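Here the structure comes first, spelled out in structure tokens, and everything after it is commentary.
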């Protein structure tokens, strides 16, 4: 994992705010400082950061997702260790190297054809780095919880899993958008289309989809591929009687989770959440956490991807990192 930057004790300590008489997560969680520690780790889940917004900006979105990983760690590591939390279940793995690619991407304009080609090159390099790291994690039988960056990273996550498992995987994406665009260059809006095209992604389900984000071309593509693509739109979900919601959701996603699958959460699906495509309309955090709690124990879950959160775009301080922290604890606890 040459493209992975590990943490040392000093860096973990610098992000952990201590308090007398209160043990913090930063004092309790295992941090993996090198490859040898990774080989010896017994943690089921590992935290991995991707601090980039190249794919988001290449798709015309707002910058800021590159700050989610560090902001999350500063918040999460300073949380009190819950009295009933098994800290041996979770380890801090490290950060995918993105700084060099971020620097090269800064002058680029997504509306410029030449810059689109440069975005494509940078994101494909990032794809290779993420895929290599994820493949190694899956090979070791661990479940990565990936934080930060754009939804472009869904492609290397899916491909890395498929390579490690030697077969395509399914994906359940909690998202306001399909990310099935067919543009010629890579960006945050075409990861799932590319994953289907290279046959790393088998069945694809979208929960919380906003119908108004569907162009005719996207709707036609989904209809033509309805054996592989399924969705439960936000309107369909809200029109379901409260007493039938659990049954409808379980029925809808049953086929998706009967084989190896990845769980994707684009933070813009949450109403008013600080994200690259923030919207006043969307799912509630408790709705999403309820679904995650149902899925976390599934033996076929291979990764969790929490992307597109942008801390500086939150409606109040720490909105995004508090939501990420709650979701991570819901996955692990």
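Taken together, the values in this text are just the output of simple stated rules run on the coordinates, not laboratory data. Remember, predicted model here, so these are calculated numbers, not experimental data. A quick note on method: Cβ atoms are made from the backbone with ideal geometry, for glycine too, and the neighbour counts reach across all protein chains shown.
Determine the relative contact order of the chain: mean sequence separation of Cα pairs under 8 Å and six or more apart, normalised by residue count, in whole percent. If you can, show how the numbers build up before the last one.
On the way: 694 pairs, mean separation 65.8, N = 333.
This gives 20 percent for the chain.
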Where labels lie 7 Å past Cα in the beta-carbon direction, separation of residue 211 and residue 245 in nm: 1.9 nm
Mean residue ellipticity (222 nm) of the chain, computed from DSSP H runs ≥ 4 via -39,500 (n - 2.57), nearest 500: -11500 deg cm²/dmol
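Below 8 Å between Cα atoms, with a sequence gap of 6+, how large is the relative contact order for the stretch 1-64 in percent?
In percent, rounded to a whole number, it is 25.
Below 8 Å between Cα atoms, with a sequence gap of 6+, how large is the relative contact order for the stretch 46-198 in percent? Write down the numbers at each step before the final one.
Details: 229 pairs, mean separation 49.2, N = 153.
This gives 32 percent for the stretch 46-198.
Roughly what % antiparallel, to the nearest 5, for the DSSP beta bridges in the stretch 4-332?
Numbers: 5 of 42 bridges.
Here the share of antiparallel DSSP bridges comes out near 10 percent.
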Most mobile of 110, 69, 252 in a GNM of the chain (Cα contacts under 10 Å): 252
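Residue 226 to residue 329: extension gain in nm, 0.36 nm per residue of separation minus the Cα-Cα distance?
On the way: separation 103, 0.36 × 103 = 37.08 nm, distance 3.41 nm.
Full extension of this stretch gives 33.7 nm more.
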Taking N as its residue count, the alpha carbon Rg of the chain over 2.2 N^0.38 Å: 0.94
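Using a Förster radius of 56 Å, what is the FRET efficiency between residue 110 and residue 290 based on their Cβ-Cβ separation? Nearest 0.05, please. Numbers along the way, then the final one.
Numbers: r = 36 Å, r/R0 = 0.64.
With R0 = 56 Å, the Cβ-Cβ based efficiency is 0.95.
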R0 of 25 Å, Cβ-Cβ distance residue 182-residue 121: FRET efficiency to nearest 0.05: 0.85
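Would you mind ranking 6, 167, 223, 187 so that the residue whose beta carbon has the fewest other beta carbons within 10 Å leads the list?
Working: 6 17, 167 13, 223 9, 187 25.
Result, fewest neighbours first: 223, 167, 6, 187.
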Separation of the residue 62 and residue 199 label points, Cα + 7 Å toward Cβ, nm: 4.2 nm
Cα-based shape type of the stretch 205-287, given that a ≥ b ≥ c are square roots of the gyration tensor eigenvalues and the cut on a/c is 1.5: rounded
